[in-house]
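In what follows, a single structure is set out as structure tokens and then discussed.
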Amino acid sequence: MVKSLEQLREDARACQDCPLWANATQTVFGAGDPHARVMLVGEQPGDEEDKKGLPFVGPAGRLLDRALEAAGVDREHVYITNAVKHFKWQLRGKRRLHKTPAQREIDACHQWLEREVEAVKPRVIVAMGATAARSVISKDFKVSTMRGQFVESPLAPYVFATFHPSALLRLKDEAEKEAAFAQLVGDLKLIRKALGRP
Ligand code: URA
């Protein structure tokens with residue numbers, strides 16, 4: 001039986017299938033249009049997302065908003081989630097710094113992503129960054145060389161990967177940042193192509 005997103009969100013609140021729940025404030029489940037034709041998948045909640053309980057509401061989310069707008073994709077009509085639903089972090093001074101999730105944590109969380117896909121039934125899935133690509137596409141997917149191309153997937157008719165918005169935030173050189181932003185926007189335009197929109 002396919003459970004509703006509301007039921008899944010409720011079930012996921014109690015998830016202890018990997019150790020990450022212990023240091024996180026809460027499970028950050030996906031959010032957005034429950035009937036979206038587009039699902040965006042990130043890595044894991046960041047510090048702000050962990051506190052607010054919503055995906056992509058911090059700096060990476062703001063960059064994503066700009067990229068979606070530039071690509072002509074309305075965030076209101078998108079469902080956004082993460083490959084891993086708990087914030088993994090380490091303390092540096094007073095700051096909780098993001099730590100990349102391990103494959104076993106991505107694997108443990110994959111069931112929730114599968115169930116979200118079953119409930120939303122998106123036409124297009126976009127994996128943003130290496131962790132999402134490992135979860136959505138395959139463990140040896142290389143975002144740097146394989147991004148921006150549709151790949152075969154049992155999850156949805158159209159699936160592709162692109163950069164993670166946080167990767168752009170880490171770039172120091174302004175010209176490099178601008179070029180990467182243009183590539184991200186170019187990739188996100190594939191969403192409109194997949195939906196048959198000009
Ligand atoms: N980075 C992610 O991958 N997901 C979020 O929700 C926020 C930052």
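The values are calculated or read from the model by the stated rules, or taken from the named source; none is laboratory data. For clarity, every value in this text was computed on a predicted model and none was experimentally measured. Glycine also receives a Cβ, built like all others from the backbone with ideal geometry; neighbour counts cover every protein chain displayed. Side chains are part of the model used for accessible areas, which takes the heavy atoms of the whole protein and leaves out ligands, DNA and RNA. Shrake-Rupley method; radii C 1.70, N 1.55, O 1.52, S 1.80 Å.
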Which of the residues spanning segment 1-50 are within 16 Å of GLU118 (Cα to Cα), among the small types (Gly, Ala, Ser) and in contact with a strand residue (DSSP E or B) (Cβ under 7 Å, 6 or more places away or on another chain)?
-> GLY30, ALA31, GLY32, ALA36
Flagged in segment 109-130 as open to solvent by 10 Å² or more (accessible area, probe 1.4 Å), within 13 Å of the ligand (Cβ to nearest atom) and within 27 Å of GLU6 (Cβ to Cβ), in numbering order, are CYS109
For segment 105-141, enumerate the residues that are aromatic (Phe, Trp, Tyr) and touching a residue at least 40 places away in the same chain (Cβ under 8 Å).
-> TRP112
Those residues that are near the ligand (Cβ under 8 Å from one of its atoms) and surrounded by fewer than 22 Cβ atoms within 10 Å (Cβ to Cβ), I need them from segment 60-89; list them, please.
-> GLY61
Taking only segment 28-46 into account, find how many residues are open to solvent by 20 Å² or more (accessible area, probe 1.4 Å), part of a loop (DSSP other than H, G, I, E, B) and more than 9 Å from the ligand (Cβ to nearest atom).
-> 4
Could you tell me which numbered condition THR100 fails, if it satisfies all but one of (1) over 19 Å from ILE137 (Cβ atoms); (2) surrounded by fewer than 23 Cβ atoms within 10 Å (Cβ to Cβ)?
-> (1)
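When you go through GLU49, GLU10 one by one, which is the residue that is open to solvent by 10 Å² or more (accessible area, probe 1.4 Å), touching a Pro at 6+ places or on another chain (Cβ under 7 Å) and in a helix (DSSP H, G or I)? Walk me through it before giving the result.
Working: GLU10 fails: touching a Pro at 6+ places or on another chain (Cβ under 7 Å).
Result of the check over GLU49, GLU10: GLU49.
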